[in-house]
Amino acid sequence: MATGAIFVFTVVGTAVAHQTSADVPPAEPVQLGYGLHLLGDGDLMQSMSPGITAAVTRPVKLDWERPVIGPEYPWEGTMHMYGSVIQVSPTDLRVYYACNVSKSWQVNATDDASSACVATSADGGSTWTKPLMPTSPPYPNYTKTNMVFTSEDGWFDTVILLPDGVAPLGAPPGTRFLMAFDNTATDTTKRALQLAVSPDGFAFEILHPPPPLGESFADTSVSLVFDPFTQDFVAYGRDDNTPDQHPDERCGHFPINFNMRSVRGVRRAISPPDNRTGSPSLLNFSVATSVSFAFDRLDPQCLDVYNSAAVIVDPHGAVNDYERAYLAFPSVYLHYGEEENNGIVDVRFAFSRNGSFFRYIDGDRRAYVPRGFGAGQSLLSKGLQPSVFDLPDDTVPARWDSGLVYLYRGVANQPESGTQTLFYFGQQGTHAHQEATTRGVFGIGRVKIIKDRWIGLGADSIVPNTSTNGTATVLTMTTAPVTLPKCTPSSATLSLWMNADVSVGGNVTIAVLNEDGVPVQGFAHEDSLGIMGNRLAAAVRFRRAGAVGNVTSDLGPISRTLPQVKIDFRILPPARLYTWRFACTTV
């Protein structure tokens, strides 16, 4: 049997170890790369003690009182929930959002087909400008607008910035920005996926021919992403054919005549790379099987999925920056029941390692982005009469986003502050009132998260060990066998960097064990200097006599001699681990 090594995580708490249900030890070691690996779903863990929990990190809401971007111009009267965030450069942040929405939703008599508008920020999203461009689609009495595109009779969905070096087949040379929209002009019963392209993101042209999709998604926004792992273009959309989780049941508790499948879901269309050249392609779209967002009988009858795939695979805008991590933020909408198409809308967080099966972390279905305080304005969907669910009994007036929230796709990175910003559309009105005259205040707001801390794995409280007169108990968490990256040249230093939050009194140490569970010489817990404090990138270091400062962070000797390893963290809580990243440094 080949000699191997093991990294073990150890956390203070209850001392009884158990096998995780999510992970079965693989037959072959997992090859680790240099990308950032999110630890919070426990995908690499072979065993860990009770008391270690996975937790979704809730972002901090920045705009409680008013939106950071709101309607200013006549064509923004139907400013809508579909949108994308693109960070072109540190001083060029853009939000694309639906405006001038459609003929059927006219607020002004001059409104026409659905358009996409753009707002730009040079300071990371604090202040915004809406560029009025001579190349923009016109609007009555305006020769310049901030619209970048107008469809024939459909809906704007998504804008993405292609990674450097990606020139997909089917797109004209120089294409940097790709837009997804759906069009009902040729068949009003279908919302067919179509694409538009742009070299600069300020003027888009429809791509012909449209993607060869034989069937359309249901209504609400389609999310288009480029998957850096598979080189696929993937469109996620709402699925009306999700298996019914509550057959023969009515919506809610109300005797209504409302025929819908409970728990509408998500499916995806994929355009894989060209078979002959291997180049990314926009020419091969086909509808794949339904995507699982873990909707089940735990969700009530008539839960609906809107904006169903705000999927993020490259939060830093870098190809392969995360190792097989897909973040999704589906908007869930529970029909009130007696009012058919009315209700509040929340955003959830879901996670996937393959882009197809998404799950809730530790079953967490709480709202990811909190709606504003107060009862959202709620009207009957027919007749615009006050709703029975309009409850004006709060002690504070309803905030601008108390009715519904939809997360926009994309992330703005602020490396100087170690944070990431997400953007969302919110409105005071509930789902039933979409017209600007009845929906109350609406606009775009922000939430902020500490860099890469989407989900964390660890222990928040100390469990006393009765056998040691009440001192803290050590919890252990051990990875399945993994193979460390190898540096080129081999003389380079291989280091491991942790994103961790260790509160006062806590500590994290790391050991490397061989396949028999014996510490590798020089890499035992006793050799580890440990991690303390709130650290975005803490180097894992070991005491080493004769090294510079008698300390080393070089794991190269292990990666060059041991074909597989496991990792062991001992964590004195309260502490949470979020990510690790391996790096090679040439001296």
> Within the stretch 172-190, which residues are open to solvent by less than 40 Å² (accessible area, probe 1.4 Å) and either modelled with pLDDT under 95 or not in a loop (DSSP other than H, G, I, E, B) (or both)?
Replying inline: Phe177, Leu178, Met179, Ala180, Phe181, Asp182, Asn183, Thr184
> Looking only at the stretch 509-543, which residues are closer than 15 Å to Ser553 by Cβ, touching an Asp or Glu at 6+ places or on another chain (Cβ under 8 Å) and open to solvent by 30 Å² or more (accessible area, probe 1.4 Å)?
Replying inline: Arg535, Arg543
>> Can you list residue pairs whose Cβ atoms sit under 8 Å apart, with the first residue in the stretch 79-104 being at pLDDT 95 or above and the second being assigned to a loop (DSSP other than H, G, I, E, B) and hydroxyl-bearing (Ser, Thr, Tyr)? Count only pairs 6 or more apart in sequence or on different chains.
In response: Val95/Tyr408
> Mind checking which residues of the stretch 38-73 are more than 30 Å from Asn146 (Cβ to Cβ), open to solvent by 40 Å² or more (accessible area, probe 1.4 Å) and of a type in the set (Ser, Thr, Tyr)?
Replying inline: Thr53
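Rundown of residues vs (1) at pLDDT 70 or above; (2) open to solvent by 60 Å² or more (accessible area, probe 1.4 Å), yes/no style:
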position: Gly376; (1), (2): no, no
position: Gly418; (1), (2): yes, no
position: Arg439; (1), (2): no, no
position: Ile462; (1), (2): yes, yes
> Of the residues that make up the stretch 500-508, is at least one at pLDDT 95 or above, open to solvent by less than 60 Å² (accessible area, probe 1.4 Å), assigned to a strand (DSSP E or B) and more than 21 Å from Met48 (Cβ to Cβ)?
Replying inline: no
> Within the stretch 544-573, can you find the residues that are open to solvent by 40 Å² or more (accessible area, probe 1.4 Å), in contact (Cβ under 8 Å) with a residue 12 or more places away in the chain and part of a loop (DSSP other than H, G, I, E, B)?
Replying inline: Arg544, Pro563, Gln564
> Applying the selection to the stretch 259-293, what residues are part of a loop (DSSP other than H, G, I, E, B), open to solvent by less than 60 Å² (accessible area, probe 1.4 Å) and at pLDDT below 75?
Replying inline: Met260, Ser262, Val263, Arg264, Phe293
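The values are calculated or read from the model by the stated rules, or taken from the named source; none is laboratory data. Predicted model, so just to flag it, every value in this text is computed and none were measured. Don't worry about glycine lacking a Cβ; one is built from the backbone with ideal geometry, like all the others, and counts go over all protein chains shown. Calculation scope for accessible area: heavy atoms of the full protein, side chains included, ligands and nucleic acids excluded. Shrake-Rupley method; radii C 1.70, N 1.55, O 1.52, S 1.80 Å.
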